[in-house]
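These notes concern the structure reproduced below.
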Amino acid sequence: MAAHSRIFLPFRFAIFTSQNIRLRPRLILLKAEHYSRISHQEGVGASPHAEEWTPPLYQEHVPTSLFQKALLTVGSAAVAITDPYRHDMIAVLGETTGYYALMRIRDQMKADPVGQLILSERPRINTRTVDLEELRNLPEGTFGREYVNWLDRNDVTPDSRAPVKFIDDEELAYVIQRYREIHDLFHTLLGMPTNMLGECTVKMFEAVQTGLPMCAMGAVFGPLRLSSRQRWKLRNYYIPWAVRAGYSAKCLMNVYYEKRFHEPLEELKADLKIPPPPQVPKSTSSNYSRLYKR
Amino acid sequence: MAALRSVSLRVGRICRCSNRITVSRRNLSEQTSSDETDKEEGTERSTHFGFESINESEKTGKVHEVFSNVASKYDIMNDAMSLGVHRLWKDRFMQVLDPLPGTRLLDVAGGTGDIAFRFVNWIKQKEQQRRKTSGAEFRLNPLETDESGSDTGLPSAEDYLYSEQRGDLSDTEEKKDSKVIICDINQSMLEVGKERAKKLGLEDDLVWVTGNAEELPFPDNSVDAYTIAFGIRNVTHIEKALCEAYRVLTPGGRFLCLEFSQVSNPLISSVYDLYSFQVIPVLGEVIASDWKSYQYLVESIRRFPNQEDFAEMIREAGFRMVTYDNLTSGVAAIHSGFKI
């Protein structure tokens with residue numbers, strides 16, 4: 001496969017393509033009265049911002065002001081770059097920056113019958129809702145079996161996803177929770193491991209699919225932590241493939257994965273129009289310089 | 001009881017700790033229902049947990065949970081939230097206490113050991129100074145120093161007073177007489193403190209005890225100084241903790257409390273409120289992955305009585321010469337009282 005000399009990265013600006021941008025409360029700075037009103041359920045005098053206040057909408061919801069979201073974005077981005085083991089920081093970054101992208105995803109889901117089903121039934125993927133033992137008993141080559149193999153190989157569990165805290169809309173909170181939980185399934189479908197290389201590839205794929213700014217940021221800044229050899233592989237093989245796959249594939253948020261575990265993986269990938277992973281030539285010391293110059 | 005309640009302003013109350021009649025400046029009729037009447041009714045009292053209302057029986061457990069969660073990042077968060085100013089506060093606290101060598105200190109809610117480490121270093125420094133100025137000659141060996149004493153063989157007054165405490169008074173043993181016991185209800189905080197002590201090389205000088213400030217596992221009249229830094233606002237019944245402090249102190253002992261307090265200056269207060277509610281929980285989320293614990297922290301600060309009210313509570317527990325010093329315009333305050 002010829003290496004591309006230039007990577008063309010069209011980035012869809014989700015804000016311009018969303019059907020209806022509902023203006024959320026322009027509450028810049030919360031006051032102490034607001035916090036006491038959550039807990040006490042009583043008015044603490046007439047607050048000028050009373051009409052803009054949103055109480056907690058779901059369990060684990062932490063109402064935040066614009067200022068706090070900005071601080072959280074900066075802080076979580078800084079920590080996520082410096083300490084890649086802090087997955088919760090990447091999650092927080094996704095929540096604080098993803099409001100408009102999530103609205104666009106929700107519109108896409110509402111336009112699709114399976115997406116509507118998912119939004120109404122709200123399935124969750126964790127060890128309580130998905131029977132991993134049953135998946136292990138499936139024949140080799142099926143989606144469910146490959147998923148469990150992938151979990152075992154990479155030593156991860158579907159329970160390690162942080163709950164949503166900073167999204168101020170209940171349905172969008174479910175959308176981002178769903179996105180987080182099917183992230184591992186994306187890994188399985190794309191055949192990528194959980195090392196930094198695989199994560200950057202999947203993030204780029206997701207950035208194209210979902211339009212979430214956090215995915216784009218992860219795909220752009222994640223490679224900073226890699227060696228030059230890995231970055232070469234990313235730039236020349238993985239990223240272009242991820243971008244192509246992202247555009248060619250159907251909207252993967254509209255797939256009811258729990259009902260398709262028994263299907264063979266290759267057929268599922270063909271149905272979802274996900275191309276096979278790229279063939280990366282092994283860069284041994286003898287051919288590294290030759291490949292690198294191409 | 002109703003007749004007594006209707007009397008306002010200055011009323012003599014029998015302090016429950018010292019059995020001494022204290023003149024209370026608080027308006028009795030304003031007091032919320034006392035413990036006695038509630039025990040008769042048998043209802044569960046509710047108390048505050050930050051801005052939430054919960055049952056009193058739950059509060060200790062919830063506070064315990066908060067501190068178990070924050071223990072590992074406690075010191076980093078303190079530095080981040082106060083921008084290092086908490087170190088200055090604690091240094092000032094130790095200057096106010098100004099302990100002499102030979103003081104037995106009980107540091108309650110001492111968790112990660114900040115006050116205790118400062119105490120040990122202070123005593124060591126004081127002893128070094130004393131050695132430099134006095135030449136370190138005094139009382140090396142009690143058998144040899146009887147030139148100025150009586151020659152009848154009876155012990156001098158000094159010997160009598162100090163011999164039980166000081167044993168054979170060599171230089172190295174002198175600093176062991178200054179004792180510090182760190183007491184905390186939460187074992188995780190104590191573990192973090194022990195690790196820090198090991199790193200600083202102070203592990204031999206400290207004793208770590210698990211205990212509740214409302215029911216201290218120490219005998220009466222056993223410590224010379226009782227300190228509690230940023231711990232008393234987490235106690236469910238502050239009056240009980242104050243009474244316990246009174247109980248374990250020797251007569252003449254000092255109660256010293258460092259705690260967040262109310263800022264009276266409205267300009268500084270608005271900046272402080274903004275910073276507390278907007279920035280601190282965000283720092284908690286980013287550094288310690290724990291928004292809720294740091295939200296509890298800033299709310300519990302708002303719920304704590306102001307400087308005057310807390311000083312009144314200390315007086316009601318029986319302490320005298322109760323004073324307070326504001327730090328950073330009232331963000332923190334050092335309250336001091338003596339058991340005399």
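The values are calculated or read from the model by the stated rules, or taken from the named source; none is laboratory data. Note that the structure is a prediction, hence the values are computed from the model and not measured. All Cβ positions, glycine included, derive from the backbone under ideal geometry; neighbour counts span all protein chains shown. We work out accessible area using only protein heavy atoms, side chains counted, and drop any ligands, DNA or RNA first. Shrake-Rupley method; radii C 1.70, N 1.55, O 1.52, S 1.80 Å.
Figures for the structure shown
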quantity	calculated
Pairs, first farther than 13 Å from B:Thr112 by Cβ in segment B:183-211, second of a type in the set (Lys, Arg), C-beta under 9 Å, six or more apart	B:Glu203/B:Lys194; B:Asp205/B:Lys124; B:Asp205/B:Lys175; B:Asp205/B:Lys176; B:Asp205/B:Lys179; B:Val207/B:Lys179
Failed item, numbered, when B:Ile268 is tested on (1) among the hydrophobic types (A, V, I, L, M, F, W, C); (2) more than 17 Å from B:Leu105 (Cα to Cα); (3) in contact (Cβ under 8 Å) with a residue 24 or more places away in the chain; (4) open to solvent by less than 30 Å² (accessible area, probe 1.4 Å)	(4)
Condition broken by A:His87, with the remaining ones in (1) open to solvent by 10 Å² or more (accessible area, probe 1.4 Å); (2) over 15 Å from the mean Cα position of the chain (by Cα); (3) over 13 Å from A:Ile176 (Cβ atoms) satisfied	(2)
Residues within segment A:81-108 that are without any contact (Cβ under 8 Å) to a residue 24 or more places away in the chain and either of a type outside the set (Lys, Arg) or away from chain B (no Cβ under 11 Å) (or both), tallied	4
Count of segment B:302-316 residues which are open to solvent by less than 10 Å² (accessible area, probe 1.4 Å) and either β-branched (Val, Ile, Thr) or within 11 Å of chain A (Cβ to nearest Cβ) (or both)	1
Residue within segment A:119-139 that is within 14 Å of another protein chain (Cβ to nearest Cβ) and either in contact (Cβ under 8 Å) with a residue 40 or more places away in the chain or touching a Pro at 6+ places or on another chain (Cβ under 7 Å) (or both) present	no
Candidates B:Glu195, B:Glu285, B:Glu259 - the one that is charged (D, E, K, R), open to solvent by less than 30 Å² (accessible area, probe 1.4 Å) and closer than 18 Å to B:Ile76 by Cβ	B:Glu285
Number of the condition not met by A:Lys69 [criteria: (1) of a type outside the set (A, V, I, L, M); (2) within 26 Å of A:Leu151 (Cβ to Cβ); (3) within 14 Å of chain B (Cβ to nearest Cβ)]	(2)
Residue satisfying all of: in segment B:234-247; crowded, with 22+ Cβ neighbours inside 10 Å and of a type in the set (A, V, I, L, M, F, W, C); farthest from the other protein chains (Cβ to nearest Cβ) among these	B:Ala245
Lone unmet requirement of (1) basic (Lys, Arg); (2) over 20 Å from A:Gly211 (Cα atoms); (3) at pLDDT 90 or above for A:Arg86	(3)
Condition met for B:Ser289 (at pLDDT below 95 and either within 14 Å of chain A (Cβ to nearest Cβ) or under 18 Å from the mean Cα position of the chain (by Cα) (or both))	yes
Filter result (in contact with an Asp or Glu (Cβ under 7 Å, 6 or more places away or on another chain) and either of a type in the set (A, V, I, L, M, F, W, C) or closer than 17 Å to A:Gly191 by Cβ (or both)) within segment A:252-269	A:Leu265
Subset tally (residues that are modelled with pLDDT under 80 and either open to solvent by less than 60 Å² (accessible area, probe 1.4 Å) or out of contact with any helix residue (DSSP H, G or I) (no Cβ under 9 Å at 6 or more places or on another chain) (or both)) for segment B:29-83	14
Count of residues meeting criterion [part of a helix (DSSP H, G or I), farther than 19 Å from A:Pro277 by Cβ and either among the basic types (Lys, Arg) or open to solvent by less than 10 Å² (accessible area, probe 1.4 Å) (or both)] in segment A:199-213	1
A:Pro163 being part of a loop (DSSP other than H, G, I, E, B) and open to solvent by less than 50 Å² (accessible area, probe 1.4 Å)	no
Lone unmet requirement of (1) within 25 Å of B:Glu52 (Cβ to Cβ); (2) surrounded by fewer than 18 Cβ atoms within 10 Å (Cβ to Cβ); (3) touching an Asp or Glu at 6+ places or on another chain (Cβ under 8 Å) for B:Thr250	(1)
